[in-house]
């Protein structure tokens, strides 16, 4: 069955691979993009919907079946933007997805977001992701949360490890992350689960 899937973060490195994966499997992909976004690298066939995660307006999820949050404020931004995008933007998109009656919401989170380490250099970011994940779990939406380890630009690997066996110091290729996100978005395999992930 073809699904209408909204991706927040489709212009990012992982989001572009995800968009292509979903298109290849016959789904309709809509990218939620700011007016200033460079959409030239998006795969052909991706539809555009205007929306700024720092100020999402009603209707952002209308007509969609599934939403995937694969956005991030980026490593060069400060704590304020992390809060606006990774925490508040995600929470707002979750609320709009619920209002629109979406069947599933998939969250790209981060390793360590389940138990943020206050002493970590990434403590603020991980807390923001933790808060967004918690909001999704409490939303009543069917959800899947993926928490990959450190990302690489390598291609698909022979094996993907999920759950308690993940080595938190390992790596995960963006291609593998995109593949799992696509599976989570289009099937019930990971419904109600929050899973660590690595490539092997």
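Just so it is clear, none of the values below were taken in a lab; they were calculated from the coordinates. Quick caveat: nothing in here was measured; it's all calculated off a predicted structure. Cβ coordinates were reconstructed from backbone atoms using ideal geometry, including for glycine residues, and neighbour counts include every protein chain displayed.
For the reader, a short list of remarks on this structure follows.
- The residues in the range 172-184 that are touching a strand residue (DSSP E or B) at 6+ places or on another chain (Cβ under 8 Å) and within 19 Å of residue 129 (Cα to Cα) can be counted, and the count is 6.
- Exactly one residue out of 128, 132, 113, 70 is buried (at least 22 other Cβ atoms within 10 Å of the Cβ) and within 16 Å of residue 196 (Cβ to Cβ), and it is 113.
- Those residues of the range 170-191 which are without any contact (Cβ under 8 Å) to a residue 40 or more places away in the chain and closer than 19 Å to residue 19 by Cβ, in sequence order: 172, 173, 176, 180, 183, 187
- Within the range 63-83, restricting attention to residues that are free of Cβ contacts under 8 Å to residues at least 40 places away in the same chain and part of a helix (DSSP H, G or I), the residue that is nearest to the chain's Cα centre (by Cα) is 81.
- The lone exception for residue 102 - which of (1) closer than 22 Å to residue 163 by Cα; (2) in contact (Cβ under 8 Å) with a residue 12 or more places away in the chain; (3) assigned to a loop (DSSP other than H, G, I, E, B) it fails: (1)
- Residue list for the range 152-169, filter: surrounded by fewer than 10 Cβ atoms within 10 Å (Cβ to Cβ) and either touching a residue at least 12 places away in the same chain (Cβ under 8 Å) or within 19 Å of the chain's Cα centre (by Cα) (or both): 158, 159, 164, 169
- In the range 23-34, the residues that are closer than 14 Å to residue 63 by Cα reach residues that are in a helix (DSSP H, G or I) with C-beta atoms within less than 7 angstrom, at least six apart or across chains, in these pairs: 27/186; 29/19; 29/22; 29/23; 31/19.
- Of all residues making up the range 138-148, the number that are more than 14 Å from the chain's Cα centre (by Cα) and surrounded by 14 or more Cβ atoms within 10 Å (Cβ to Cβ): 3
- Which numbered condition residue 88 fails, given (1) outside any helix (DSSP H, G or I); (2) touching a helix residue (DSSP H, G or I) at 6+ places or on another chain (Cβ under 9 Å); (3) surrounded by 14 or more Cβ atoms within 10 Å (Cβ to Cβ): (1)
- Subset of the range 28-57 (residues that are in contact with a helix residue (DSSP H, G or I) (Cβ under 7 Å, 6 or more places away or on another chain) and either surrounded by fewer than 11 Cβ atoms within 10 Å (Cβ to Cβ) or not in a strand (DSSP E or B) (or both)): 41, 42, 43, 45, 46, 53, 54, 56
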